[in-house]
Structure formats: structure tokens, C-alpha cells
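Worksheet: the structure to be examined is printed underneath.
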Amino acid sequence: MAKQKNSKLKIIPLGGMGEIGKNLTVFEYKRDIIIVDCGITFPDETMYGIDIVLPDMTYLINNKDRIRGVVVTHGHEDHIGAIPYLLKEMNVPIYATKLTMGLIENKLTEHGLMRDSVRKVVRPKDRIDLGGFNVEFIRVNHSIADAVAVCVRCDAATVLHTGDFKIDYTPIDEEVIDLPRFAEIGKEGVDLLMADSTNVELPGVTLSEKSVGKRFMELFDGVETRIVVATFASNIHRVQQIVDAAVAHGRKVAVSGRSMINVSKTATELGYLDIPDGTLIDIRDINKYEPHEIVVVATGSQGETMAALSRMAVGEFRQFSITAGDLVIFSASPIPGNEKMVYQVINNLFKLGAEVVYEKLAEVHVSGHARVEELKLIHTLVNAKHFIPVHGEYRMLKHHVDLAQSLGMPEENTLVVNNGTIVELDKNSCRDIGKAPSGIVLVDGSGIGDVGNIVLRDRKHLSEDGIFMVVVTLSKGKTVAGPDVISRGFVYVRESEELINEARNVVKAALIKCEEKKITDWNKIKSELRDALDRFLYEKTKRRPMILPILMEV
């Protein structure tokens, strides 16, 4: 590759712009590339059968020899979930704080990548050199421990990327966001601020995590039944406060849900979760204790079908059943798009006689993202020349740009970008110069990227109208058996004999027409059958199933 003459810094977000999830930002200077975060998102209702969604990494794969490392801000799935898939394409070093690295290592173990991967644990205030870049890690507060912002420096420019953050003056681990360092870096000079936009639409400040702990203490008081608390597995501070409330009320704690068990185990081993001896019990032993002696910490706060709480709500949880009077606390707010599933679980719990407490009824959740006044403080301390909002849907990014301009930043110094936008930055300018390959890669089972728009379209078609198969056996172009009809998801064959018989006659007529026209090409015959059936079935049912003619020759 020819030596690059351009000495400006390029910034290319491949995820996290105009969406919540799959955060991945590329920093490119001369021959060197670093990556900040490498996350996934979860499929929406149009992605039938898809497990997870990755950012398109084509640009990274095409430039893998230039990548000096992946820098990770914190351990949420939308920031670390795609790392194993990246490492399957290239072996690049990973830099993360201790808890974040522990969660990454869980993933690498699952994917069989631990032995060959290069992992380096960093701490807040550390500075590392990666090629022509220097990266500094700055402590922030978030809904997971060990979160950091990063300051990326090269000869061309200085960029401060907040990652996901909030300002919590009384965090559970007493590790307060390093606001003095933000101010110092601001005085040194920041050419571009990239800041979390998730809560930019909400005025005021986000409450401290400690406020939830106080609420747990109040809710646990006087309860004589079993208590179940659903929350995000990664919110170690929330789990800690549930444990503290349980201990204060003389209760044992059982953890349920695969991700909750794995994250809690890792957090305990690394010293981020303190559970007194004798407090934690196996979920399988729960019936050895009286209901008033138990607190269950479970997954399922988002209504996920297979999560522990969802199975409890429909009576399919093997270890115990929710009974009248049990207290169930949803210590999370529904992620946009999950509301229907969450409220269905809540409704089912009420039907079982449980007392259900959720965010609309009590302050049992606080966000991990900064609201307007916290964002204003960061903007003021950093005092950057230019601003690009990150981590948000388009309206959030736009609101964040408006906020920056309200604080005095010139409109021409702010930029809302899309995934794949190539931003060119130096000390004096920040501009959009083009587009890199971007998009999504769908993971279905063990298949990565083998399901695309056409397959999704077919799945949508099947889900809406079903499939209608017709099987015909031919010999020298003449029908010798069939047509046989198989219907799935369209009509029930045994109850639609008249329609099926008419469909067979339509197929026979189409085959006779093909014989008369001396059509012998199988693809053409299939097309004739498909067209004839499509017209007939739509006329009769006003539905268009997927029609699949199958020809066999003897």
C-alpha cells in the first residue's frame, strides 16, 4: 500500500450512530488504526430467527494489518459482544479495565479464543501507546463497574470519547467520576468531543445508584413472602445493593439465569461483588428455606422469553413457582421496543397473585446515562473545538448537537454522522469526507453473515402467509405421479380439501399447457406452476403463500 501523505486523523463510526447498540468507532492516523469498543445489538421484530446483530467489519478486515488494538470503555454487550467475532478475523490486542476484561474473557472462553488472544488490563489514569496513538483512560460512572472514558491523542488531533457515563457523586464503589481530569484535559486542549447521547432528552440529573439501595431496604421491610428481583446481570452495583438489603433482612440470596450466574461469579472472583459467607445458596436448594428467608436475583427484566423471570411468570420455572403474595421487583426500565414483552410478564405475575413493583410505581431503577445538566458540565469542562454526538438514535444525536450549540459552540463545529461516515479531523477542522463500508451482519446459530436481506424477506413471507408446496413426478416430460400438495402455515389440509383439490386441478392444467407448448425446461415449468397457483390462491384466499414447486424425474 502506498504511503499516505494525509496527516489528518480519520474517525469512522461503524456502529452506535442513529441507534442504541453495536458501538464501534475506528480511529485512523497514517498507517495506524485503533478501535474503541466492539459491540453487538439485538434483533428487532423484523429479523426472524436472528440471535444477534454485529456491525459490518469489512473495513477492519481489509485493513487488519494496520490495527494496533481494541480499546474498550466498559463491559456491556453493546460494547464488547462483537469482540470474539472480530478476533476470529484477526488477532489484535484488547485493552480493558479489570472487570471489563473478566467479562470479555468469559466470551472468549465460550468461543475458544482464550489461548491465542492478547489481553492487557488497564486502570483509570493509565496511558498507553498504540502505534502513532496515545490513549488515556479516565474513570467515569455508569450502570456497570470499571467504566472509563478515553482520550485519544495523535500528532494531528486530540479526541475525548466519553463512552457511556453518568455523574454519580455517591457511587456504590466510592469511585467518583474523575471530573478534575476532564477539566485538565480540557485546559490542555481538545479538538473533538464525542459524548454519550442516550439521556439527552431528559432534563436535570440522573439519580445516584445509592437511591435504589435505599428503596430496596424500604421495600424489603415487613415482607413475609419470597422476594424476586429482576435486573440487568451486568449491573454489579445493583446486585450488590440487593445482596446488602437481603443480608440486612436476614435472607439468603439465590441467583438465577445463565448471564446472572456468570457475571456474578466473575465479579465476585475479581472483588467487585461482596457477598458475605453463607449468604449465597444454589437456586436448586431454594425449597429448603421458608419464603421469608429468600431473595432471588434473576434475569428477565426485559421480558426475554427464555429468561428466568419470564419462565416464572408462566409457571415453567423448574426450581420453584411464584405464589400469591410473593414480591417481584423489576429493577430496570424497558429498553425501547421491549415494553410489550415486559408488561406481558408483569401481567402474568399479577395473574399468579404476586405483588409486582416496577419503575412506574416506585423508584427501583436509575439510569446509567447522563441527563442534560451532567452533559452540560462535561461540555463545559472539556471545552472542545468540535463536537460529534454518539450512542443514540438520530433524534438524540440532533438534540445533543442543539445542546452543544446552546453552550456556545458554533454550528459549523458540530456534526451529526451516520455509521460508515468518514470524518477527517485536525486542529482546525472537522468534516465529513466520504463513506466506508458499514451496515449489519446477522448471526443465526453458528452462521455468521449467511442470512441476508433475501433470506429475511423469505422468513417474513413465511411468517405472514406460510408455504404451499406441490410435488410432481415426471417421466420424459409427462406427469406420472402427483401432483401432491403440502401446506404449512397457509391452510390446514384436512379442513381445506376442496381448496386443495382445486389447487391440484390448477397444477394439472398448467402441466398440460406445458406439454402442449413442448416446454421441457424445469425452471420454466416451475415458473408456470408458480404463476398459476399464485393467481388461483390469491383469488380464493386473498393471501400469497410462498409457493414451492418440486419436480422429480423417473
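Annotation: of all residues in the range 13-27 being part of a strand (DSSP E or B) and surrounded by fewer than 24 Cβ atoms within 10 Å (Cβ to Cβ), the one that is modelled with the lowest pLDDT is 19. Scanning the range 224-280 for residues that are out of contact with any helix residue (DSSP H, G or I) (no Cβ under 6 Å at 6 or more places or on another chain), crowded, with 24+ Cβ neighbours inside 10 Å and of a type in the set (D, E, K, R) returns a single hit, 238. Residues that are in a loop (DSSP other than H, G, I, E, B) and under 25 Å from the mean Cα position of the chain (by Cα) within the range 110-126 comprise 111, 112, 113, 114, 117, 118, 122, listed in sequence order.
Criterion applied to 373, 304, 316 was being surrounded by fewer than 17 Cβ atoms within 10 Å (Cβ to Cβ) and either without any contact (Cβ under 8 Å) to a residue 60 or more places away in the chain or within 24 Å of residue 232 (Cα to Cα) (or both), and the one residue passing it is 316. Mind listing just one residue for me: the one in the range 139-156 that is under 25 Å from the mean Cα position of the chain (by Cα) and surrounded by fewer than 24 Cβ atoms within 10 Å (Cβ to Cβ) and, of those, farthest from residue 67 (Cα to Cα)? My answer is 139.
Here's a check for you: in the range 423-440, which residue that is closer than 23 Å to residue 379 by Cα and either of a type in the set (A, V, I, L, M, F, W, C) or touching a Lys or Arg at 6+ places or on another chain (Cβ under 7 Å) (or both) is surrounded by the fewest Cβ atoms within 10 Å (Cβ to Cβ)? Once the filter is applied, the top-ranked residue is 426. Filtered by the rule that a residue be within 20 Å of residue 31 (Cα to Cα) and of a type in the set (Lys, Arg), the range 57-108 gives 64, 66, 68.
Which fully enclosed strands (runs of 3 or more DSSP E) of the range 316-392 have 2 or more residues being within 26 Å of the chain's Cα centre (by Cα)? So that I can check it myself, show each step before the final result.
On the way: elements: 327-330, 355-357, 386-390.
In the range 316-392, the matching strands (runs of 3 or more DSSP E) lie at 327-330, 386-390.
In the set (1) at pLDDT below 80; (2) surrounded by fewer than 16 Cβ atoms within 10 Å (Cβ to Cβ); (3) closer than 30 Å to residue 23 by Cβ, residue 451 fails one condition alone, (2). Counting only residues that are basic (Lys, Arg) and without any contact (Cβ under 8 Å) to a residue 12 or more places away in the chain, which one in the range 255-301 is farthest from residue 331 (Cα to Cα)? This residue is 288. Residue 438: in contact with a strand residue (DSSP E or B) (Cβ under 9 Å, 6 or more places away or on another chain), part of a strand (DSSP E or B) and either of a type outside the set (S, T, N, Q) or at pLDDT below 95 (or both), yes or no? In short, no.
Out of the residues in the range 319-338 that are among the polar types (S, T, N, Q) and within 23 Å of residue 364 (Cα to Cα), state the one that is surrounded by the most Cβ atoms within 10 Å (Cβ to Cβ). It would help to see each step written out before you state the result.
Going residue by residue through the range 319-338, those that are among the polar types (S, T, N, Q) are 319, 321, 323, 331, 333, 338.
Imposing the further condition that a residue be within 23 Å of residue 364 (Cα to Cα) reduces the set to 323, 331, 333, 338.
Numbers: 323: 12, 331: 26, 333: 18, 338: 16.
Ranking the qualifying residues of the range 319-338, first place goes to 331.
Checking the range 394-414 against the condition returns no match, with no residue being part of a loop (DSSP other than H, G, I, E, B), in contact (Cβ under 8 Å) with a residue 24 or more places away in the chain and either of a type in the set (Lys, Arg) or under 18 Å from residue 17 (Cβ atoms) (or both). Apart from one condition, residue 138 fits all of (1) under 20 Å from residue 27 (Cβ atoms); (2) out of contact with any helix residue (DSSP H, G or I) (no Cβ under 8 Å at 6 or more places or on another chain); the exception is (2). For residue 159, the requirement of being more than 16 Å from residue 379 (Cβ to Cβ) and aliphatic (A, V, I, L, M) is not met. Just to be sure before I move on: is residue 263 outside any loop (DSSP other than H, G, I, E, B), at pLDDT 90 or above and under 29 Å from the mean Cα position of the chain (by Cα) in the structure I sent? In short, yes.
The values are calculated or read from the model by the stated rules, or taken from the named source; none is laboratory data. Not measured: the values here are computed from a predicted model. Positions of Cβ are backbone-derived with ideal geometry, glycine not excepted, and every protein chain shown enters the neighbour counts.
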